[in-house]
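Q: The structure's right below; bear with me while I get my questions together.
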Amino acid sequence: MTRNVNTDVVGGLIGLAVTAIFWFSLKGIGRLSSMFPNALLLIMAAISAAIIIKGFIQPERRDLFAEGDRPRVVVTACTLFSWLFAISWIGFYVASVAAFSFLAYYLARARRRVGILTFVGWVLIIAGEVGILYLIFTRFLYVPLPQGILF
Amino acid sequence: MELLQKAFFQLFHPIVVLLIFGGVTAGLFAGAMPGLTAAMALAVLLPFTFTMTPLHGLVALGAVYMGAIYGGAFAAILINTPGTPSSIATAFEGYPMARSGRAIEAISAATIASAIGGLVGVGFLLVLSPPLAQLSLRFGPAEYFWVAMLGLTLIASLAEGSLLKGLLGGSMGMLLGTIGVSPIGGETRFTFGFPVLQGGVEMIVALIGLFVIPELFSMAAHGKAALAEVTMSSRERGTFVRMLKTVLSMPGNLIRSCLIGEIVAIIPGAGGSIANLVAYNEAKRASRHPERFGKGTLEGLVASESSNNVTVAGSMVPLLTLGVPGAPPDAVILGVLLLHGLRPGLELFTTSGLLTYGFIISMGLAALAMMPVGMLGGRLIYKVILKTPYYFLVPTIALVTILGTFALRNSITDVGIMLVLGTVGYLLKEVGIASAPIVLGLILGVIGEVGFVQSMLRGAASPYPIVKLFENPLSKVLIALTLVSAGWPYISIWVKRWRARGSAQGGDV
């Protein structure tokens with residue numbers, strides 16, 4: 001189900017909310033460090049107010065999140081954030097193979113049926129792909145990728 | 001002239017040719033990988049140059065630099081992710097072209113425009129170094145502030161539909177740039193209780209997050225890859241020659257974009273990330289069909305790619321004459337010069353002239369080498385992306401972006417910031433606030449803040465310190481340009497109405 005909303009009013013309110021959050025964080029900061037953000041916040045508040053006013057006079061309406069399959073976006077986003085936490089916890093290589101395999105399996109189900117043997121084959125390919133990048137970054141580019149409790 | 005000839009002929013050596021082709025190839029793949037910047041590619045190469053002769057070392061670095069700036073176009077065209085900040089505007093036109101099955105056309109045009117830009121930059125460097133270096137010296141804090149404001153008004157063209165929402169996005173980006181330690185006061189701001197935010201939001205982290213993550217979500221939502229599946233048909237054969245003719249048939253666009261690239265390049269700190277956006281904006285203004293921009297037009301793509309490659313040699317002007325690196329990769333080249341006992345200045349063009357001119361000419365040869373290397377590499381990358389099923393492509397892009405983001409500062413926090421910004425960018429896009437103005441605001445925010453606060457400090461003794469922003473003649477020129485830029489959408493509407501009225505009256509008669 002999608003909702004047709006006035007994106008001008010929503011956008012303007014987001015702008016005002018961001019302005020307020022930063023404005024309250026600015027208290028106690030010296031003149032030199034607050035000079036530019038102060039000016040910027042005033043401008044942002046004015047632009048946000050103008051967008052809201054425009055939303056009442058000449059509104060732009062749109063169905064939010066109308067395109068595509070929303071649950072897939074949510075699952076993809078959750079997988080990416082879980083991937084991030086798993087990297088610090090169990091290590092870059094293992095976390096990446098696990099998250100990559102899950103995401104590939106989940107997204108593939110939208111297009112085709114994935115058997116166990118096919119999936120095992122995919123995991124092997126993914127382990128190789130992640131392994132090559134792991135070696136390039138750690139051995140040649142000297143980037144110390146997070147180790148975690150595994151590697 | 002004799003020195004130039006000698007410098008030119010010393011480059012015809014198998015090792016030099018190998019270094020040029022190898023450097024361009026390595027730079028191309030580094031630039032095509034989101035997160036790996038030209039500066040990183042040069043820094044990785046740096047230790048290998050220690051054992052080389054000064055000329056070989058500089059030739060290799062120049063070729064990698066040229067290849068990396070050009071390589072950013074590949075990711076921009078094929079996965080809507082500017083490989084380097086110099087290719088932001090390339091994505092605006094290249095990606096829509098790729099989605100409509102014109103990826104090879106886009107790659108060919110980007111290759112030709114980049115090669116032309118590279119050659120023009122070298123020409124400028126050879127001829128105009130001393131006067132341009134003088135001009136760059138006249139840029140003070142107020143001028144930098146107005147350069148940032150001029151850039152901000154470009155949002156008028158970057159915002160899809162709404163100027164106000166574009167300005168809001170740009171302001172949000174500038175605000176994002178103020179997170180962390182203040183560049184002038186030195187105090188920590190807007191960390192919201194998270195000490196990890198003291199280091200601020202790295203521009204490339206934001207760039208990757210805001211451009212890549214929304215695209216990944218979109219691919220996941222639609223259940224298919226974004227690029228149209230087209231076969232290598234007979235129509236694609238001869239694309240390069242066709243594109244060469246097309247690109248050369250827009251001399252005005254090329255000259256304007258190259259001039260913009262050169263002017264921006266000589267201002268230390270600006271570089272390709274600003275040049276490509278300014279050139280794109282000016283190409284749109286000058287176009288007979290500005291409404292086609294953002295939908296896959298060659299004019300915008302050519303403007304962006306030619307201007308950003310001009311900056312490679314262009315940024316060497318302040319480096320070789322004043323010792324001021326115009327962009328981060330230039331700092332690496334400065335390091336190599338100093339390592340070999342070469343000091344920037346007049347001496348570099350006289351006593352060490354053979355080496356300096358050899359280096360400059362080798363960058364021109366690297367620009368030419370981009371054509372064969374780019375066309376072969378471009379087709380290879382395109383085919384790989386096309387043949388990869390979307391359910392492998394989405395996690396692969398995610399993996400590469402996570403790796404690239406982490407590698408910037410070896411920081412897992414940066415990866416978190418990248419994902420959060422990407423998710424916020426996806427949500428903001430739904431209400432009409434596009435990612436491009438936010439990124440542009442972030443780039444310009446730091447330049448604007450330093451210029452603004454330093455100008456205020458310079459005017460501290462005066463009752464109206466703000467007057468310092470308006471005093472200099474160069475500032476006045478920049479203010480005029482900013483006003484024209486800000487008012488341009490309204491001016492163009494007025495001009496169209498006036499023309500329509502004129503033609504209607506003509507018809508009546």
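The values are calculated or read from the model by the stated rules, or taken from the named source; none is laboratory data. Not measured: the values here are computed from a predicted model. Here Cβ is always computed from backbone atoms with ideal geometry, including for glycine, and neighbour counts include all displayed protein chains.
Q: Could you please find all residues in the range B:405-414 being in a helix (DSSP H, G or I) and either away from every other protein chain (no Cβ under 11 Å) or surrounded by fewer than 20 Cβ atoms within 10 Å (Cβ to Cβ) (or both)?
A: Within the range B:405-414, B:ARG409, B:ILE412, B:THR413 meet the criteria.
Q: So if I check each of B:ALA68, B:ALA60, B:ALA43, which one is surrounded by fewer than 24 Cβ atoms within 10 Å (Cβ to Cβ), among the hydrophobic types (A, V, I, L, M, F, W, C) and more than 20 Å from B:ALA434 (Cβ to Cβ)?
A: Checking each option against the conditions leaves just B:ALA43.
Q: Among the numbered criteria (1) in a helix (DSSP H, G or I); (2) out of contact with any Lys or Arg (no Cβ under 9 Å at 6 or more places or on another chain), which single criterion is violated by A:GLY148?
A: Unmet condition: (1).
Q: Which of the residues that make up the range B:24-65 are farther than 20 Å from B:VAL400 by Cα and either touching a His at 6+ places or on another chain (Cβ under 7 Å) or modelled with pLDDT under 85 (or both)?
A: B:LEU45, B:LEU46, B:PRO47, B:PHE48, B:THR49, B:PHE50, B:THR51, B:MET52, B:PRO54
Q: Without any contact (Cβ under 8 Å) to a residue 60 or more places away in the chain, part of a helix (DSSP H, G or I), within 11 Å of chain A (Cβ to nearest Cβ) and not basic (Lys, Arg): which single residue out of B:ILE417, B:ILE402 fits that description?
A: Of B:ILE417, B:ILE402, the one residue that is without any contact (Cβ under 8 Å) to a residue 60 or more places away in the chain, part of a helix (DSSP H, G or I), within 11 Å of chain A (Cβ to nearest Cβ) and not basic (Lys, Arg) is B:ILE402.
Q: Next question, about the same structure. Got at least one residue in the range B:456-473 being within 30 Å of B:LYS165 (Cβ to Cβ), in contact (Cβ under 8 Å) with a residue 60 or more places away in the chain and more than 11 Å from chain A (Cβ to nearest Cβ)?
A: Yes, because at least one residue in the range B:456-473 is within 30 Å of B:LYS165 (Cβ to Cβ), in contact (Cβ under 8 Å) with a residue 60 or more places away in the chain and more than 11 Å from chain A (Cβ to nearest Cβ).
Q: With respect to A:GLY148, is the statement that it is touching a Leu at 6+ places or on another chain (Cβ under 6 Å) and more than 9 Å from every other protein chain (Cβ to nearest Cβ) true?
A: When the stated conditions are applied, A:GLY148 does not pass them.
Q: Turning to a different aspect of this structure: Whether any residue in the range B:102-123 is out of contact with any strand residue (DSSP E or B) (no Cβ under 7 Å at 6 or more places or on another chain), outside any helix (DSSP H, G or I) and either among the small types (Gly, Ala, Ser) or on the phi < 0 side of the Ramachandran plot (or both) is what I want to check. Even if it seems obvious, please write down each step before you answer.
A: Taking the range B:102-123 as the starting set, the residues that turn out to be out of contact with any strand residue (DSSP E or B) (no Cβ under 7 Å at 6 or more places or on another chain) are B:102-123.
Among the residues that remain, those that are also outside any helix (DSSP H, G or I) are: B:102.
Still in the running and either among the small types (Gly, Ala, Ser) or on the phi < 0 side of the Ramachandran plot (or both): B:102.
Yes; the residues of the range B:102-123 include at least one that is out of contact with any strand residue (DSSP E or B) (no Cβ under 7 Å at 6 or more places or on another chain), outside any helix (DSSP H, G or I) and either among the small types (Gly, Ala, Ser) or on the phi < 0 side of the Ramachandran plot (or both).
Q: Turning to a different aspect of this structure: For the range B:171-209: of the residues being within 9 Å of another protein chain (Cβ to nearest Cβ) and closer than 28 Å to A:GLY55 by Cβ, which is surrounded by the fewest Cβ atoms within 10 Å (Cβ to Cβ)?
A: Once the filter is applied, the top-ranked residue is B:PHE190.
Q: Output the residues belonging to the range A:132-145 that are in contact with a helix residue (DSSP H, G or I) (Cβ under 7 Å, 6 or more places away or on another chain) and in a helix (DSSP H, G or I).
A: A:LEU133, A:TYR134, A:PHE137
Q: Same structure, new question: Quick one: would you say B:LEU342 is touching a residue at least 24 places away in the same chain (Cβ under 8 Å) and surrounded by fewer than 24 Cβ atoms within 10 Å (Cβ to Cβ)?
A: Criteria met by B:LEU342.
Q: Take A:LEU133 and decide whether it is surrounded by 15 or more Cβ atoms within 10 Å (Cβ to Cβ) and more than 17 Å from B:PRO389 (Cα to Cα).
A: The answer is yes for A:LEU133.
Q: A further question on this structure: In the range B:8-21, which residues are more than 13 Å from B:MET370 (Cβ to Cβ) and in a helix (DSSP H, G or I)?
A: Filtering the range B:8-21 down to residues more than 13 Å from B:MET370 (Cβ to Cβ) leaves B:8-19.
Correct list: B:PHE8, B:PHE9, B:PRO14, B:ILE15, B:VAL16, B:VAL17, B:LEU18, B:LEU19.
Q: Still on this structure: Out of A:LEU141, A:LEU145, A:LEU84, A:LEU80, report the one residue that is of a type outside the set (Val, Ile, Thr) and more than 21 Å from B:GLY416 (Cα to Cα).
A: Just a single option satisfies the conditions, and that option is A:LEU141.
Q: For the range B:294-349, give me the residue count where each residue is in a helix (DSSP H, G or I), at pLDDT 85 or above and either over 19 Å from the mean Cα position of the chain (by Cα) or of a type in the set (Val, Ile, Thr) (or both).
A: Within the range B:294-349, residues that are in a helix (DSSP H, G or I), at pLDDT 85 or above and either over 19 Å from the mean Cα position of the chain (by Cα) or of a type in the set (Val, Ile, Thr) (or both) number 3.
Q: Might you let me know whether the range B:427-440 holds any residue that is among the hydroxyl-bearing types (Ser, Thr, Tyr) and within 10 Å of chain A (Cβ to nearest Cβ)? Reasoning before the result, please.
A: Kept after step one, since they are among the hydroxyl-bearing types (Ser, Thr, Tyr), are these residues of the range B:427-440: B:435.
Of the ones still in play, those that are also within 10 Å of chain A (Cβ to nearest Cβ) are none.
There is no residue in the range B:427-440 that is among the hydroxyl-bearing types (Ser, Thr, Tyr) and within 10 Å of chain A (Cβ to nearest Cβ).
Q: Name the residue, out of B:TYR390, B:TYR382, that is of a type in the set (Ser, Thr, Tyr) and within 9 Å of another protein chain (Cβ to nearest Cβ).
A: Result: B:TYR390 is the single residue among B:TYR390, B:TYR382 that is of a type in the set (Ser, Thr, Tyr) and within 9 Å of another protein chain (Cβ to nearest Cβ).
Q: Could you please give the count of residues in the range B:350-371 that are more than 22 Å from the chain's Cα centre (by Cα) and assigned to a helix (DSSP H, G or I)?
A: 8
Q: With B:GLY425, B:GLY441 as the choices, which residue is modelled with pLDDT of 90 or more, under 30 Å from A:ARG61 (Cα atoms) and part of a helix (DSSP H, G or I)?
A: Numbers: B:GLY441 fails: modelled with pLDDT of 90 or more.
Among B:GLY425, B:GLY441, only B:GLY425 is modelled with pLDDT of 90 or more, under 30 Å from A:ARG61 (Cα atoms) and part of a helix (DSSP H, G or I).
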